[in-house]
Structure formats: C-alpha cells, structure tokens
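Heads up, the thing below is written out as structure tokens.
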Amino acid sequence: MSLTGEPLLDVKNLKKYYKDSSFSLFKNDHSVVKAVDDVSFTIAKGETFGLVGESGSGKSTIGRSVLRLTDITDGAVIYKGKNIYQQSKSELRENRKNFQFVFQDPFSSLNPRIRIGDAIGEALLDHGIASKSEIRQKVLEIMDVCGLAPYHIDRFPHEFSGGQRQRIGIARAIIMEPDFIVADEPVSALDVSIQAQIINLFIDLQEKKHLTYLFISHDLSVVEHIASKVGVLYLGSIMEMGSRNQVFDNPLHPYTQALLSAVPIPDPTIKRQRILLKGDIPNPATPPSGCKFHTRCPWAIEKCKEIAPELKETEPNHFVACHLV
Ligand code: ADP
Ligand code: MG
C-alpha cells in the first residue's frame, strides 16, 4: 500500500451541483446544492483511499462521479492518464470492466428470483467474455475466494445473511477482474462482528488481486482499518487529507479532531477528551460563509466567518483547510 506510486486515479477540482428539489414550496427559488465543491485527490495503484464524512457530505456523489455514473458540473477524473469524461462510449464500455462498485445494500441490486451463481456471473455473460460452462467454473472460483460455499451457487438471495450478501456483492464486482473498486458504505448495514470479516475480505482481495479502492464510510473506525490514505469531507469540501497515520495520530483540523474524539478506544485505560460540536450540519443549499465549518467549530475566529481557508500542505502529503493551523 504505497503512498508514492503512480496515480491510478486523479480527481481534479471535481464539482457536482444539484438543483435543490427540497425547496419545491418556493418555486422561484432556484437554489443549488454544491454536493461536491472543488474536490481534488489522487489514488495510487494498490492503495485504499478512505473517504469519511457525515451523511450528506457528498461521499456517494464523489463515488458515482469517479466511475462516471453521473454527469459532473466541472473538473476532471483522470484514470490511467485519460479523462473519463472525454472518453467515447466504446472506450467507456471497455473501462467499465476495470471499474466496479460495491454498494451498502447488495440485496437491493439482486433480483430475488435469480440464483446467486447467475447473479455473480451475470456481467461476464453480458460482456460475452466466456461460455456458460466457463462462467460456472469462474463463479465457483470467485465464490471460494469470497468465502461462499460451492452449494450456495443455486440458492436465492433471501437465503443469505447480511454478511453473506455483501460477499455476493463483492464476488459480483471482482469476477470482472477490475483494477479499481468504489465501495460505498459496504459494511454500514452489518453488525460490528460481521463488519470486521468483510473488511478483512476487502484487504485479502486487495493483496491477491492487486486492487485499488475508494472506500467510503461515515465511520472513522472502519476507515482506520482499511485505508492507507484518508480524506475528511464536510459539506462537499475536503477539510483534511493525508496518510492514515497522519490523520489518525495527528489530526489537525478541528472537525477531524471532533470526529475522532467520538470514536471509542478499545483500551479502557486511555481516555480521549470528547469534543462536542455545536448544532447540526447546516443545510447544504445554504452553507455558511467563509469556512463552512465555522458555525460548529469550537475555535472559530472572526476570519473564519469571512474567508474560506485553502487546503494547504502542512507537512509532506498532509493537507488541512483551517486558518488556525
Ligand atoms: P453522502 O453520501 O455523504 O451522504 P450524498 O453524495 O448522497 O452524500 O449527498 C450530498 C448532497 O447532495 C446532499 O445534500 C444530498 O441531499 C444532495 N443530493 C444527492 N443526490 C441528489 C440528487 N439526485 N438530487 C438532488 N440533490 C442530491
Ligand atoms: Mg452516501
């Protein structure tokens, strides 16, 4: 998990704005939600970039944007040196094999009447890559790698537990032998004991198959286990970004510090001082002026209300957007 390898994915000044539909009462108010507001990051080959932030901070929008599952407002997504938003349909189709998505709830994307062996092999069949018997062989092989027993192949989705369903979701993604996987809250619906098993499966597969991940979670303790690099998102902007150790051992942004202070430490002899944030997340259609975080920041000064801080490199590869750092 190197931090210095060549970038597989380079996200440059990504912006995704939505017309705010929740304001339908005020028909003339064409307010805009800046779901992703000028976000840049790179992911090196074989690395896991953990994207964390509260609900509504723009994580899923970034996840969909980097796979071109949505249009973007501005910016670029460079994959292996090519801007995927400038690729032709056929180039994109070729790329689709290399990109895969793992969802929070794989059950919703599984047809209840399709046996899971067929569901796992579906994409191979669609791409016309292999014959039916070759596909069955490949499905059994991938099921084994993902911790599913061979007799599961002819069962239906409802016969599986949450953890097993996520194994099926992962099997569907990796059967295409992708280079890059976006996993959007893949363990958030699971019991904590099962979460660890699925995270270990992701780590295991990464080593075996040389995968690169964008791993999205609202839960810092999940990201801490898997990510080599971390980005902390607040209202569509990255507040802090760095290696896992930089962000977890030396958090510099008050928002990161507050999020971390809420994570329980397994060692009962160590106590973290809990930093309580004031108020709730602001309405993303009307974000605060200056630093978007100033309304909840315990340390905010006058300047924070007026001027948005830039994301600055404070030590090699450690970036923070805060006037006080
Ligand atoms: P997260 O995954 O971090 O919870 P999302 O990317 O889902 O955040 O959402 C970011 C913001 O964009 C939220 O304010 C959300 O309401 C808004 N949003 C997301 N999808 C749409 C959409 N299709 N239309 C309008 N607004 C959207
Ligand atoms: Mg989401």
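Solvent-accessible area of Arg244, all protein chains in place: 80 Å² (probe radius 1.4 Å, heavy atoms, ligands and nucleic acids excluded).
Counting protein heavy atoms only, the chain has 50 percent of its accessible area on carbon and sulfur, 1.4 angstrom probe. Residue pairs exceeding 32 angstrom between C-alpha atoms, taken from Lys82/Lys132; Lys16/Lys208; Lys229/Lys303; Lys209/Lys292: Lys82/Lys132; Lys16/Lys208; Lys209/Lys292. Projecting label points 7 angstrom from Cα along Cα→Cβ for Asn98 and Ala262 puts them 3.8 nm apart. When Lys and Arg each count +1 and Asp and Glu each count -1, what net charge do the other residues less than 15 Å away from Asp280, Cβ to Cβ, add up to? The answer is +2. Using the average count of surrounding beta-carbon atoms within 10 Å as a protection proxy, the listed peptides 129-137, 95-103 rank, highest first, as 95-103, 129-137.
Take the convex hull of the alpha carbons in segment 102-141; its mean projected area over all directions comes to 3.2 nm². Rounded to two decimals, the Cα radius of gyration of the chain over 2.2 N^0.38 Å is 1.05. The charge dipole of segment 104-177, taken about its Cα centre with unit charges on the Cβ of Lys, Arg, Asp and Glu (plus for the first two, minus for the last two), comes to roughly 160 debye. Within the shell defined by Cβ-Cβ distances under 15 Å, the residues around Val52 carry a net charge of -3, with Lys and Arg each +1 and Asp and Glu each -1. Each residue of segment 183-200 was assigned a 3J(HN,Hα) from its phi angle through the Karplus curve 6.51 cos²θ - 1.76 cosθ + 1.60 (θ = phi - 60°); the sequence is 10, 9, 6, x, 10, 5, 8, 9, 4, 4, 5, 6, 3, 4, 4, 6, 4, 5 Hz, with glycine and proline shown as x. Probing with 1.4 Å while keeping every protein chain in the model, the per residue accessible area of the chain equals 50 Å².
Net charge around Ile78, counting only other residues with Cβ within less than 15 Å of its Cβ (Lys, Arg = +1; Asp, Glu = -1)? So the environment of Ile78 carries a net charge of 0.
Note on segment 39-168: with charges restricted to the Cβ of Lys and Arg (+1) and Asp and Glu (-1), its dipole about the Cα centre is near 200 debye.
What base-10 log of the normalised intensity I(q)/I(0) is obtained for segment 104-177 from the Debye formula, alpha carbons as equal point scatterers, at q = 0.15, 0.17 Å⁻¹? Taken in order of the listed q values, log10 I(q)/I(0) reads -0.41, -0.53. For segment 175-180, 3J(HN,Hα) computed residue by residue from phi via the Karplus equation (6.51, -1.76, 1.60; θ = phi - 60°) reads 5, 7, 6, x, 8, 9 Hz, glycine and proline entered as x.
Computed with a 1.4 Å probe on the full set of protein chains, the accessible area for Leu69 sits at about 90 Å². Could you tell me which of Ile153, Leu9, Ser65 has its Cα farthest along the dipole of the chain towards the positive end, charges placed at Cβ (Lys, Arg +1; Asp, Glu -1), taken about the Cα centre? Value computed over the given set: Ser65. Using a Förster distance of 25 Å, how high is the FRET efficiency between Ile114 and Ile194, based on the Cβ-Cβ distance and rounded to 0.05? Working from the Cβ atoms, E equals 0.60.
Against the main long axis of the alpha-carbon atoms of the chain, helix 162-174 sits at an angle near 80°. Asp219 exposes around 40 Å² of accessible area when a 1.4 Å probe is run over every protein chain in place. Over segment 104-177, what is the relative contact order in whole percent, taking alpha-carbon pairs under 8 Å and six or more residues apart? Once divided by the residue count of segment 104-177, the mean separation gives 46 percent. Ordering Asp118, Asp267 by accessible surface, largest first, gives Asp118, Asp267; the 1.4 Å probe counts only protein heavy atoms, with every chain in place. Here the spin labels are modelled as points 7 Å beyond Cα on the Cα-Cβ line, and at Ser31 and Tyr85 they lie 2.5 nm apart.
Magnitude of the charge dipole for the chain, about its Cα centre and with charges confined to Cβ atoms of Lys, Arg (+1) and Asp, Glu (-1), is about 480 debye. Here the Karplus relation 6.51 cos²θ - 1.76 cosθ + 1.60, evaluated at θ = phi - 60°, turns the backbone of segment 213-219 into coupling constants of 10, 9, 10, 9, 7, 7, 9 Hz, with x for every Gly and Pro.
Legend: translational diffusion of segment 27-176 by Stokes-Einstein, Rh = Kirkwood radius over C-alpha pairs, 25 °C, 0.890 mPa s; D = 139 µm²/s. Taking label positions 7 Å along the Cα-Cβ direction at both Ala76 and Lys15, the computed distance is 1.6 nm, reported to one decimal.
The values are calculated or read from the model by the stated rules, or taken from the named source; none is laboratory data. Values in this document were obtained by computation on a predicted structure and should not be read as measured data. No Cβ is skipped: glycine too gets one built from the backbone with ideal geometry, and neighbour counts run over all protein chains shown. Note: areas computed on protein heavy atoms with side chains; ligands, DNA, RNA excluded. Shrake-Rupley method; radii C 1.70, N 1.55, O 1.52, S 1.80 Å.
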